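Participant: I have a structure here, written as structure tokens, and I will follow up with some questions on it.
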Amino acid sequence: MSMVIWAVTNLWMRMDAVASADHSSGRPSGDAERALHESELRKAAIIESSLDCIILMDDRGLITEFNPAAERTFQRQRSAVIGRPLAEMIIPERYRQDHWRGLQKFLDTNEGPILGKRVEIEAMRADGSEFPVELAVVPVRIGSRMMFTGHLRDITERRSAQQALADAARRFKWLMDNTTEAIWRFEMDEPCRIDLPEDEQVERFYRHGWLAEANEAMARMYGFANAAEMVGLRLGDILIRADPRNEAFLRAFIRSNYRLIDAESIETAKDGSIKHVLNSFVGEIENGLGLRAWGTTRDITERKLAETALRESEERLRLAVAAADLGTWDLDPATGIATCSQRAKEMYGFPPDAAVTRDGFIACVHPDDRERVRKTIERALDRANAGHYAVEYRVQQQERTRWLASRGQAFFDEGGKPTRLIGSTLDISGRKQIQEALEERTSDLERSNSELERSNVELEQFAYIASHDLQEPLRMVVNYMNLLKRRYSPSLDDKANEYMGYAVDGALRMQALIKGLLDYSRVGAAHAPGAVDSGAVLADALANLSPKILASGATITQDPLPEVVADRTMLTLVFQNLIANGIKFRGADTPTVHVSCERRDRDCVFSVRDNGIGIDPEHHSNIFQIFRRLHTREEYPGTGIGLAAVKKIVERHGGKVWIESAPGKGSTFLFTIPARRDPSTLLAVVQPTATGG
């Protein structure tokens, strides 16, 4: 097209020069006429034979020439367009105003936006259809007028090809950006001769190979922010040279004539982590020189780690099976053939090289267990039972009878037909012997416990009866001693009265002691616990102690108390005994007692704190023993049974009791009652009356 533009423009200029020369001389010469004629012929030949459209336009915008190529392209006859406005013949309507403005601007300023350039615009055929053309416009002054030569070429096919190429490039870019596999291109700083020894080629790959192109998937795979960050990396920055597997990988590439499919390599990410990848790539070879390589890479690190973990797991399983002394087996239900480990064969009594079948296994089972084992296998092979297999049985061998436990799982195809039953077997002969001995021992213990319970009941009944029967003679002794004292005291000397007082006091103490024993023996008799409000229980205890509280002037305070599962009467007795102790064992100050509770895990921890005389820590473990006293009866009266009863009641409820105290600093008694417990699991308690400590 450039040659056509040059030729036509040159002819126009030569014709204008000839015309100007003739005009200046006033007459045409023979040479001038011949030159002009020749130029006309050449112009006509060029215009007529040109494959490009050549359209001439004058300074009025009218067409003065329209060659055959233009006729074919625009589907218009030359005779129909000569002398017609160019804009109406070939320019789409939306561009016509721009055409006229551009023409006028050039005529006014000798400047135009498209003159002397190649531009791509839309043109219009006779039927009004539009198509793309490449246009070059050259202005030529002929005499006093301007002429414009337009050279146009239909670029519809080129535009389609460009669009197809752009679409292909776009699709390729989309594939590059959205595939999960890395796509890359490695270049060589210096081409590598493919006939060099393998060692030298490998060395050249590392020395001259560098990453020239990568997609975003590759950047993500190797931990880079984007693909551009990877470009320029050397081969050794990615492929770990010290790993011998990578050298084998490159040698395989060379031996395959620079074409390798699904080859593994060990590579490093940006953060230094190791990547196991699978590569497929091909090298570009030209004149025996390796220039570059294109390829894809897939990250198989997770798969390799899973394979490694599986191998390690299988090894651990093998060791565990050996350590656990398990025999393993795999039964094919269709053939009845079982693949067994040597340990399994030993348990069943088969020789090491024996073939094991389902029927052969059943035959080695003890006759008494054989049918049960057979039915268990049949149930496991029924999909309705989920394929579970578990059975304990005996196998009869010449020297001994073994107890075995087998566990397994059946597998089924889509139609529900069993395909495998696999599992393991453990020799439980030792466990069975221990179990039998334990069952025998348990039976002995149950008999002993029954005898002990009966003995305890008889002992409690005896203690109750003995204590109750002793009450009557003691009351008689006390009554008669008081009668003697009233009637004969005046006639007796002081010594006799003193002895009589000792006798009465001893009898009263004996009476209190027997009553305490009677109350203590009742703790343990049947009584049902339930949900109780411990605040209401405390109120009951304070009501029972009201005479002592009024007499001592004691102050009793409390925090909000929870609901617990306990025997109401027994819990009342616990509060009553502990508060009574706080009132009794007081110092110079008016006694004060504070009751509180806090939750600790599954227990409610109750606290009864007083300001009394306190207890030395060395006696803390002794005060809950029956009859154990730390003071004389003259200092503090009592039987030494109250705290023992508290301990017994609390322990019957599944709790514990302890003390925190020091001399002169008061005492805090703490005890626990489980906060959540099934009442039926609590040991029963019974109602005794309060006793002094």
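The values are calculated or read from the model by the stated rules, or taken from the named source; none is laboratory data. The structure presented is a predicted model; accordingly, all values stated were derived computationally and were not measured. Cβ atoms come from the backbone with ideal geometry, glycine included; neighbour counts cover every protein chain shown. The accessibility values were calculated without ligands, DNA or RNA, using every heavy atom of the protein model including side chains. Shrake-Rupley method; radii C 1.70, N 1.55, O 1.52, S 1.80 Å.
The rows are residues; the columns are (1) open to solvent by 20 Å² or more (accessible area, probe 1.4 Å); (2) at pLDDT below 95; (3) farther than 20 Å from residue 212 by Cα; (4) in contact with a helix residue (DSSP H, G or I) (Cβ under 9 Å, 6 or more places away or on another chain).
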{"position": "276", "(1), (2), (3), (4)": "yes, no, yes, yes"}
{"position": "289", "(1), (2), (3), (4)": "yes, no, no, no"}
{"position": "295", "(1), (2), (3), (4)": "no, yes, no, no"}
{"position": "303", "(1), (2), (3), (4)": "yes, yes, yes, no"}
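Participant: Okay, moving on. Yes or no: residue 514 aliphatic (A, V, I, L, M), more than 23 Å from residue 669 (Cβ to Cβ), modelled with pLDDT under 90 and assigned to a helix (DSSP H, G or I)? First the steps, then the outcome.
Facilitator: Values: aliphatic (A, V, I, L, M): yes; more than 23 Å from residue 669 (Cβ to Cβ): yes; modelled with pLDDT under 90: yes; assigned to a helix (DSSP H, G or I): yes.
Against the criterion (aliphatic (A, V, I, L, M), more than 23 Å from residue 669 (Cβ to Cβ), modelled with pLDDT under 90 and assigned to a helix (DSSP H, G or I)), residue 514 qualifies.
Participant: Please specify each residue of the stretch 188-245 satisfying the condition of being over 36 Å from the mean Cα position of the chain (by Cα) and in a loop (DSSP other than H, G, I, E, B).
Facilitator: 194, 195, 196, 197, 232, listed by residue number.
Participant: Same structure, new question: Can you name the residue in the stretch 614-658 that is among the β-branched types (Val, Ile, Thr) and surrounded by fewer than 20 Cβ atoms within 10 Å (Cβ to Cβ) and is also modelled with the lowest pLDDT among such residues? Break it down stepwise before answering.
Facilitator: Filtering the stretch 614-658 for residues among the β-branched types (Val, Ile, Thr) gives 615, 623, 626, 632, 639, 641, 646, 649-650, 657.
Checking the rest, the ones that are also surrounded by fewer than 20 Cβ atoms within 10 Å (Cβ to Cβ) come to 626, 632, 657.
Numbers: 626: 65, 632: 52, 657: 89.
Restricting to residues being among the β-branched types (Val, Ile, Thr) and surrounded by fewer than 20 Cβ atoms within 10 Å (Cβ to Cβ), the top hit is 632.
Participant: Now for a separate question. From the list 45, 80, 69, 126, pick out the single residue that is of a type in the set (A, V, I, L, M) and surrounded by 19 or more Cβ atoms within 10 Å (Cβ to Cβ).
Facilitator: Working: 45 fails: surrounded by 19 or more Cβ atoms within 10 Å (Cβ to Cβ); 80 fails: surrounded by 19 or more Cβ atoms within 10 Å (Cβ to Cβ); 126 fails: surrounded by 19 or more Cβ atoms within 10 Å (Cβ to Cβ).
Being of a type in the set (A, V, I, L, M) and surrounded by 19 or more Cβ atoms within 10 Å (Cβ to Cβ) holds for just one of 45, 80, 69, 126, which is 69.
Participant: Right, here's the next one. For the structure I just gave you, tell me whether residue 607 is small (Gly, Ala, Ser) and either surrounded by 22 or more Cβ atoms within 10 Å (Cβ to Cβ) or modelled with pLDDT of 80 or more (or both). So that I can check it myself, show each step before the final result.
Facilitator: Values: small (Gly, Ala, Ser): yes; either surrounded by 22 or more Cβ atoms within 10 Å (Cβ to Cβ) or modelled with pLDDT of 80 or more (or both): yes.
Against the criterion (small (Gly, Ala, Ser) and either surrounded by 22 or more Cβ atoms within 10 Å (Cβ to Cβ) or modelled with pLDDT of 80 or more (or both)), residue 607 qualifies.
Participant: Note down all Cβ pairs under 6 Å where the first residue falls in the stretch 211-227 and is within 17 Å of residue 268 (Cβ to Cβ), the second is crowded, with 18+ Cβ neighbours inside 10 Å and of a type in the set (Gly, Ala, Ser), and they're at least six residues apart or on different chains.
Facilitator: 214/227; 218/182; 219/227; 221/182
Participant: Failed condition for residue 577, given (1) of a type outside the set (Phe, Trp, Tyr); (2) exposed (fewer than 15 other Cβ atoms within 10 Å of the Cβ); (3) over 56 Å from the mean Cα position of the chain (by Cα), with all others met?
Facilitator: With respect to (1) of a type outside the set (Phe, Trp, Tyr); (2) exposed (fewer than 15 other Cβ atoms within 10 Å of the Cβ); (3) over 56 Å from the mean Cα position of the chain (by Cα), residue 577 is out only on (2).
Participant: Something else now. Could you tell me which of the residues 107, 56, 86, 103 is open to solvent by 50 Å² or more (accessible area, probe 1.4 Å), among the aliphatic types (A, V, I, L, M) and out of contact with any Phe, Trp or Tyr (no Cβ under 6 Å at 6 or more places or on another chain)?
Facilitator: Details: 56 fails: open to solvent by 50 Å² or more (accessible area, probe 1.4 Å); 86 fails: open to solvent by 50 Å² or more (accessible area, probe 1.4 Å); 103 fails: open to solvent by 50 Å² or more (accessible area, probe 1.4 Å).
That would be 107, the only listed residue that is open to solvent by 50 Å² or more (accessible area, probe 1.4 Å), among the aliphatic types (A, V, I, L, M) and out of contact with any Phe, Trp or Tyr (no Cβ under 6 Å at 6 or more places or on another chain).
Participant: Further, regarding this structure: Collect the residues in the stretch 385-405 that are touching a residue at least 24 places away in the same chain (Cβ under 8 Å) and either crowded, with 18+ Cβ neighbours inside 10 Å or of a type in the set (Phe, Trp, Tyr) (or both), keeping them in residue-number order.
Facilitator: Those that are touching a residue at least 24 places away in the same chain (Cβ under 8 Å) and either crowded, with 18+ Cβ neighbours inside 10 Å or of a type in the set (Phe, Trp, Tyr) (or both): 387, 389, 393, 394, 395, 402, 403, 404.
Participant: If you check 551, 536, 580, which single one turns out to be part of a helix (DSSP H, G or I) and modelled with pLDDT of 90 or more? Before the answer, list the steps.
Facilitator: On the way: 551 fails: modelled with pLDDT of 90 or more; 580 fails: modelled with pLDDT of 90 or more.
Every option except 536 fails the conditions.
Participant: OK, next. So which of 407, 372, 394, 420 is in contact with a Phe, Trp or Tyr (Cβ under 8 Å, 6 or more places away or on another chain), assigned to a helix (DSSP H, G or I) and not aliphatic (A, V, I, L, M)? Working first, answer last.
Facilitator: Values: 407 fails: assigned to a helix (DSSP H, G or I); 394 fails: assigned to a helix (DSSP H, G or I); 420 fails: assigned to a helix (DSSP H, G or I).
So the residue among 407, 372, 394, 420 that is in contact with a Phe, Trp or Tyr (Cβ under 8 Å, 6 or more places away or on another chain), assigned to a helix (DSSP H, G or I) and not aliphatic (A, V, I, L, M) is 372.
Participant: Output the residue which, of all residues in the stretch 331-348 that are among the charged types (D, E, K, R) and in contact with a Gly (Cβ under 8 Å, 6 or more places away or on another chain), is most open to solvent (accessible area, probe 1.4 Å).
Facilitator: At the first step, the residues of the stretch 331-348 found to be among the charged types (D, E, K, R) are 332, 343, 345-346.
Now drop any that are not in contact with a Gly (Cβ under 8 Å, 6 or more places away or on another chain), which leaves 343, 345-346.
Details: 343: 48, 345: 23, 346: 99 Å².
Here the residue is 346.
Participant: So if I check each of 425, 419, which one is closer than 27 Å to residue 329 by Cα, of a type in the set (S, T, N, Q) and either modelled with pLDDT under 75 or in contact with a helix residue (DSSP H, G or I) (Cβ under 6 Å, 6 or more places away or on another chain) (or both)? Talk me through it step by step, then tell me what you get.
Facilitator: Details: 419 fails: either modelled with pLDDT under 75 or in contact with a helix residue (DSSP H, G or I) (Cβ under 6 Å, 6 or more places away or on another chain) (or both).
Among 425, 419, only 425 is closer than 27 Å to residue 329 by Cα, of a type in the set (S, T, N, Q) and either modelled with pLDDT under 75 or in contact with a helix residue (DSSP H, G or I) (Cβ under 6 Å, 6 or more places away or on another chain) (or both).
Participant: Could you say which residue among 204, 251 is without any contact (Cβ under 8 Å) to a residue 40 or more places away in the chain and open to solvent by 40 Å² or more (accessible area, probe 1.4 Å)? Give the steps one after another, and end with the answer.
Facilitator: Working: 251 fails: without any contact (Cβ under 8 Å) to a residue 40 or more places away in the chain.
Just one listed residue meets the conditions, 204.
Participant: Same structure, new question: Take residue 164 and decide whether it is modelled with pLDDT of 90 or more, part of a helix (DSSP H, G or I), aliphatic (A, V, I, L, M) and open to solvent by 40 Å² or more (accessible area, probe 1.4 Å).
Facilitator: Details: modelled with pLDDT of 90 or more: yes; part of a helix (DSSP H, G or I): yes; aliphatic (A, V, I, L, M): yes; open to solvent by 40 Å² or more (accessible area, probe 1.4 Å): yes.
So residue 164 fits the description; yes.
Participant: Quick check on the stretch 267-297: of everything there that is part of a strand (DSSP E or B) and under 27 Å from the mean Cα position of the chain (by Cα), which residue is nearest to residue 225 (Cα to Cα)? Working first, answer last.
Facilitator: First pass over the stretch 267-297, keeping only residues part of a strand (DSSP E or B): 267-268, 274-286, 289-297.
In the following step, the residues that additionally are under 27 Å from the mean Cα position of the chain (by Cα) were identified as 268, 274-277.
On the way: 268: 16, 274: 18, 275: 17, 276: 20, 277: 20 Å.
Per the stated criteria, the residue is 268.
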